[in-house]
Structure formats: C-alpha cells, structure tokens
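Read-outs: derived from the displayed coordinates by stated rules, not from any lab. The structure displayed is predicted, hence computed values, not measured ones. Here the Cβ is made from the backbone with ideal geometry for all residues, glycine too, and neighbour counts use every protein chain on show.
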Amino acid sequence: MARLNPVFVCGSCGGETLKWQGQCPLCGAWNSLEERRAPRSRAVPAAVAVNLSPGAALADAGVRLSSGQAELDRVLGGGIVPGSVILLGGDPGIGKSTLLLQVAAHVAASRPAIYASGEESIAQVGLRAQRLGVAAEALGVVAETDCQAVLALAAARQAALLVIDSIQTLQSGAAPAGAGAVTQLRECTSELVRYAKAGGAAVVIVGHVTKEGSIAGPKLLEHLVDTVLYFESEAGSRYRIVRATKNRFGAVNELGFFAMTGSGLREVKNPSAIFLARPAQPAPGSIVTVTREGGRPLLIELQALVDRMRFGAPRRVAQGLDANRLAMLLAVVNRHAGLALQEHDVFVNAVGGIQICETAWDLPVALALASTLKGVPLPTQLVAFGELGLTGEVRPVPYGDERLREAQAQGFAVAVIPRDNAPRRAPAGLSVRAVGTVAEALEAAFAR
Ligand code: TYD
Ligand code: MG
C-alpha cells in the first residue's frame, strides 16, 4: 500500500521517522536515516536488535512533558512520555475534551501541539478555549476526521503533542473501503501508534465508552496503547477521578482528583479535604480515619449512630462499608470492650459517598460506636486506623507510615493505631498512641 509521505529508515536501528533528521531520534545514531519511498515489499523484513546500553535507551525517552495539571502528571507517572500513546476513556459529557484542551493549550505554550477535533468545529473549540480562559494562540486546532491528513499535519508542524478527539470519529483511507467501525478503529489507532513510536510525538486519544458496552468502545484498543486512563464520576457530583488502569511508564491504579468548575477542570490539590467537611463542634459518633484508595492515603470521616431498638430484630445498616464485617465488629466490641449493642439499631456511614474496601476502618468504627453509645465525642484532632481480630486484638494494616504522614499533614494531633504499625519516629507534632487490643484503644482514644 502506497504511503502519502516518504519514510526515513535508520540504517543503524531500523526505526522509521517521517522526516529527515541528522540524528536518528530512536537510537541516536548520526547520519543514518535514508529515505524509503517504495511501498514496503513483502520480503521478510530484517529485525534489528538494539543493545539497551543506558545512553541508547535514554536518548529516545527524552524528558516527560508536563500536562500543566499536577494531578494528571501524577497519574501518568510524572508527566507525558514523548513517543507514548495515551487512551483517555470515559462517558460522554464527563469532561474529556475539556481536560485535553486545557492540556494541549498548556503544552502549546512551549512546544508545538495539535488538537484534532472530529466532533466539534474550530469555532466551537475556540469558544470552549475562551470559556476555559486558556491561551490557545500557539495551539494548532484542526477539525478533521481523516487520519492521514491529521498525521501529515502533525508531522509538518513537528508536533510534540497530538490530541485526537475522538478516535470514534477518525477515518483511515488505509482501511479497506466499507470497512466496519471496528476495523477503522484498529487501523487508525495502529497508525497513530506507529506515528508516535517513529517520530517521538506523544499522542493522546479520546475514546468514548458506550453504556451498552458497545464494540466501538476503547476496550478494543487497550492493548495497542501505552497508557489507559479512565475518567470516572459519581452521578451528579462535580468531582472527577482519573484512574490509570494500564501504564507502561508508571504505577497503575493511581488516582487523580479534579473538580468541574464554570471555567473547566481544576485539580483538587487536597483530595482528603473533599471528604472532610466536619462541623466545628465535636459530635458523638464521629471519627476520622486514614484509608488508602488508589495508591494514596485519604482522610475520611466515619459516623456511627446507635438507637434503642423499637421493635423486632435490631437493624444493622452500613453505608460505604461492608455490612457483614460490621456484624462481626459488633460481636467483637460486645465481647472484648463491653459495648452491649444487642438491643440497639446500629447505623454506620462513610461520609462523602465513598466505598472503603479495606479493613482499616474496623478500629475507628469501634471507637465511633463507643462514642455514640456513651454520648461522649472523641477529640476532633484524633485519627484512628487498624483492623480488629475476633479475639479483640488490633492488627496492623499496610502503609502505616504513609497514613500517619497524611494525618499529620492535615493537621491532626493524635493517632490511635495498631502496635505493629507504630513508627520508630512519629511525624513531628503527631502524638501516636499504639494499642494492642480494642479495650486499650478505647482507653487511649478517650484519654485527654
Ligand atoms: P466535555 O469536555 O465536552 O465532555 P466529553 O468530551 O467527555 O464528552 O464536557 C462537557 C461537560 O462539561 C458539559 O456538560 C459542560 C461541562 N463544562 C463545565 O461545567 N465547565 C466548563 O468550563 C466546560 C468547558 C464544560
Ligand atoms: Mg468531547
């Protein structure tokens, strides 16, 4: 199949680029690029191995581009890797175009960047940029759905960043005529991947997720790209979470927090605070715990309420926590801490609508239950975490040090934690009370 552009092949590493350069951007060899106009022959291609000496490997990796959003950079593992392909999936209307226009405009201030929209006209993109208040003069905006045309433009402008919004609107002439959506999707994505790997430009692809789990969703493309990000949101919430589900250049399951505002997406610098809007007056039954969601510690308020049962069997209701585990905890605190709740309805709630999937909430819930039963508030400067065993012992949880540091950073003064999580040196200003049993924990938490 004929190519629209000449391809330059490196005589040393065999890599392809779209433009001639003195130095091969892949292996760093000088004067090794040769033009190859003829369509690729069917002859067996020669595979060339490159030895990964530090110099050769790193010459190509270059410096990561900052997206301008610290939260997004974090999720990516420290910024956008040149030559990488990132897929951003998410429901329609969640803010993919908004985020990427902000990112593209930020990158464009220092490097050439192209934002190719197949869904909106240039005027619409312009209006959005105005609304976002981003300086987009340097950004190349193109309303185009032809894959080769977009790639030719990006090559001509030597773009360091190419945003494709969205992959579902892109068409490739290289796919057989009348090819279905899936073939088009795959062909366009492969072309973009080839382009990114050859020229060293970073490519960000938007993919819509359809509610019906339609085959046109980005699931198909995940194995082709380097990084897969998903945009998530609770229904009706203005907070958005970006989650990395695959990342060749960083950790997976990292979370980035954003808020949708009247002027675009703003990063939430202090996600702990989202879940921590507490009343000024200490109230019985309320406690703060440090949980660990998506690779980072989060402070969350837990609340418990017990009420004399009116009729029938006592009710046990858990919001955001596992109800079976709550039943087990009630037995533990009854037996080992003397909290008799057999004749009470019990309600516990993780404030902010978050689901906690680990066991570190055992100990704080036990403390909150004691607090509500006695009608005595816990100190507001107190945090607690830890797992409870059936014999009333307090068991350690992973990442104890990290949780303590986060509690200290948020201004908490006292931490009731498992003995096995006790740090050699507590963070400055944080008084750590390490406990071995639930009875000890109650004593430590209510001590002044
Ligand atoms: P959009 O980025 O178009 O979503 P996607 O590309 O994922 O389909 O986001 C659209 C929504 O965001 C729309 O409902 C309006 C809202 N929005 C704001 O709240 N503030 C803004 O500044 C912008 C640009 C959009
Ligand atoms: Mg969009």
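For the range 112-125, in order, what is each residue's ³J(HN,Hα) by Karplus, 6.51 cos²θ - 1.76 cosθ + 1.60 with θ = phi - 60°, in whole Hz (x at glycine and Pro)?
Using θ = phi - 60°, the values come out as x, 9, 10, 10, 9, 10, x, 10, 10, 6, 4, 4, 5, 5 Hz.
Sum up the charges of everything whose Cβ sits under 15 Å from the Cβ of Glu119, counting Lys and Arg as +1 and Asp and Glu as -1, but leave Glu119 out. Walk me through the intermediate numbers first.
Numbers: positive: Lys96, Arg128; negative: Asp91, Glu120, Glu144, Asp146, Asp165.
Around Glu119, the charge tally is -3.
If I take every Cα pair under 8 Å that is 6 or more residues apart in the range 291-352, average their sequence separation and divide by the length, what percent do I get for the relative contact order? Intermediate values should be presented prior to the final figure.
Working: 76 pairs, mean separation 30.8, N = 62.
The value is 50 percent.
Taking other Cβ within 10 Å of each residue's Cβ, how do Arg266, Arg448, Arg403 sort, fewest first? Working shown, then result.
On the way: Arg266 16, Arg448 3, Arg403 24.
With the fewest neighbours first, Arg266, Arg448, Arg403 line up as Arg448, Arg266, Arg403.
Give me, ordered by chain and number, the residues 5 or more places off Arg292 or on other chains with an amide H under 5 Å from its own placed amide H.
Here Leu298 satisfy the definition.
Amide H neighbours of Arg395 under 5 Å, counting only residues 5+ apart in sequence or on other chains, H built in-plane at 1.01 Å?
Glu387, Leu388, Gly389
Whole-Hz Karplus ³J(HN,Hα) for the range 380-390, in order, using 6.51 cos²θ - 1.76 cosθ + 1.60 and θ = phi - 60°, x for Gly and Pro?
Once θ is set to phi - 60°, the couplings for the range 380-390 become 6, 8, 9, 10, 8, 8, x, 9, 10, x, 5 Hz.
Return the whole-Å distance between the Cα centroid of the range 14-31 and the Cα centroid of the range 82-126.
28 Å
What's log10 of I(q)/I(0) for the chain at q = 0.09, 0.10, 0.13 Å⁻¹, Debye sum over Cα points only, no solvent?
For the requested q values the scattering log ratios are -0.71, -0.81, -1.07.
Bin width 5 Å, alpha-carbon pairs only: give the P(r) of the range 341-408 as whole percents, running from 0 to the bin holding the largest distance.
Final binned percentages: 3, 13, 21, 26, 23, 10, 3, 1.
Quick one: longest stretch of the chain between exposed loop chymotrypsin sites (Phe, Trp or Tyr not before Pro), exposed meaning at most 13 other C-beta atoms within 10 Å and loop per DSSP?
On the way: sites that count: Trp20, Phe311.
It runs 21-310.
If you plug each phi of the range 187-203 into the Karplus form 6.51 cos²θ - 1.76 cosθ + 1.60 with θ = phi - 60°, what whole-Hz ³J(HN,Hα) values come out, in order, with x for Gly and Pro?
After applying 6.51 cos²θ - 1.76 cosθ + 1.60, I find 5, 4, 5, 4, 5, 5, 5, 4, 4, 5, 5, 6, x, x, 7, 8, 10 Hz.
Expressed as a rounded percentage, what relative contact order does the range 82-138 have, with Cα pairs under 8 Å and six or more residues apart? All intermediate terms of the calculation are to be shown ahead of the outcome.
Details: 27 pairs, mean separation 20.6, N = 57.
Value for the range 82-138: 36 percent.
Would you calculate a helix-derived [θ] at 222 nm for the chain, using -39,500 (n - 2.57) for each DSSP H run of n ≥ 4 and dividing by the full residue count, to the nearest 500?
On the way: 10 runs with 116 residues, N = 448.
Result for the chain, helices only: -8000 deg cm²/dmol.
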